[in-house]
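See below for the structure under consideration.
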Amino acid sequence: MDSTNIPNMIEVSTKKLVYDLFPIDRFPFLTTEYFGNSLAEYLVAFFIFVAIWMAIIVFRTIILVRLQSLVEKTRTKYDNRLVEGLSAISHFFYVFLSVFLTVKTLHLSETINHIFDALFVILIVYEAARFFQILVEIAFFKTSSTKDQTMLNALRLVTGIVVWVIGILLILSNFGFDITALAASLGIGGIAIALAAQNILGDLFSSFSIYMDKPFQIDDFIIIGSDMGTVKKIGLKTTRIETLRGEELIISNQELTSTRVLNFKRMKKRRIVFSIGVEYSTPTNKLEKIPGIIKQIIEKAPLADFDRAHFLKFGDFSLIFEVVYYVASAEYNDYMDTQQEINLSIKKSFEKEEIIMAFPTQTLFVQQEKTTA
């Protein structure tokens, strides 16, 4: 990693300024050397440090503030996240950056230069990891609920691992190590780990798929096969569901992404179909009234939207009417309250009209044979 170009440019311009202010012929003591550098060179380094630090102050207090005010006026949010990430860079990084660029203008041993280079790369990697994790966190909380903390931690972990692996390779390369073989070894090792832990990785990637696609979220009521319940936690490997009986059902994320899932939380309205049977002895004129009676009852219910009511068929022991309506709510309790209100109103109306509901009955006809004397 070549990090001498920028310091050399700064050194040339700063030396000219210092030597103009403090000519060597007027200040001969500036040629005295300490630890391989003259006092003039130390003075140049000091001016470089001050210049860099002043530039950083201007950048943090003026430029970043102006950028924040500008990006708030734009429609896209990506520039906001970029500026927020830049604002989150630590104060220590700027201090070390100033020291690093200043030290590079001095004549130091190769070992010390390598140490500063390594420290600078480590700090760069650390700040890059923090920067990308902050961007992930900002993007996460602006597109999802704070209840998905497990998924946020997973994204931050993956981002940190990727950045640190790249950073370690850069550090080793800076110290002269041949990272080609190491990178190949990491690739082969990664394949071996992936094969050994393919089920775990399958669940991990399935959890990312659930987060990105959002087939369901926390507190959604879902049905998977013969199981149903409310989603309580979406983890990296499993999802936990509280069933109607109160048990905790634990299902692997890979199974959830490879099967059909019914999500009732996304349902805007519920379609209800039910049947009513009346006795065969009911007069035809009263049978004709039943669809109108049911329609009036359903239209009075607050959440109900009437669809149809028809004389469906002749049953084994009753005349069957089929009724269809919609409940404008996904809540099961709302549906039950509405159905109960409709059932009670139908019972009252049928009693008033003297329409008798049927129940399973059998009529036995006995025929007597005539006897001759």
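Every read-out reported here was derived from the displayed coordinates using simple, explicitly stated rules and does not represent laboratory data. None of the values given here were measured: they were computed from a predicted structure. Every residue, glycine as well, gets a Cβ built from its backbone with ideal geometry; the counts of neighbours run over all protein chains shown.
Which whole-angstrom value gives the distance between the alpha carbon centres of segment 202-265 and segment 330-354?
34
Tell me the label-point distance for the pair Thr61, Met267, using the 7 Å Cα-to-Cβ offset, in nm and rounded to one decimal.
Once both label points are built, they end up 6.2 nm from each other.
Show the residues, 5+ positions off or on another chain, whose built amide H is closer than 5 Å to the amide H of Leu249.
Counting only residues 5 or more places away or on other chains, the set is Ile241, Glu242, Thr243.
For segment 243-328, evaluate the Debye formula with one uniform point scatterer on each Cα (no solvent term) and list log10 I(q)/I(0) at q = 0.19 Å⁻¹, rounded to two decimals.
Listed by q, the Debye log ratios stand at -0.89.
Restrict the search to segment 201-250; then list the GluC sites (Glu not before Pro) that DSSP places in a loop and that have at most 14 other Cβ atoms within 10 Å of their Cβ.
Passing sites in segment 201-250 are Glu247.
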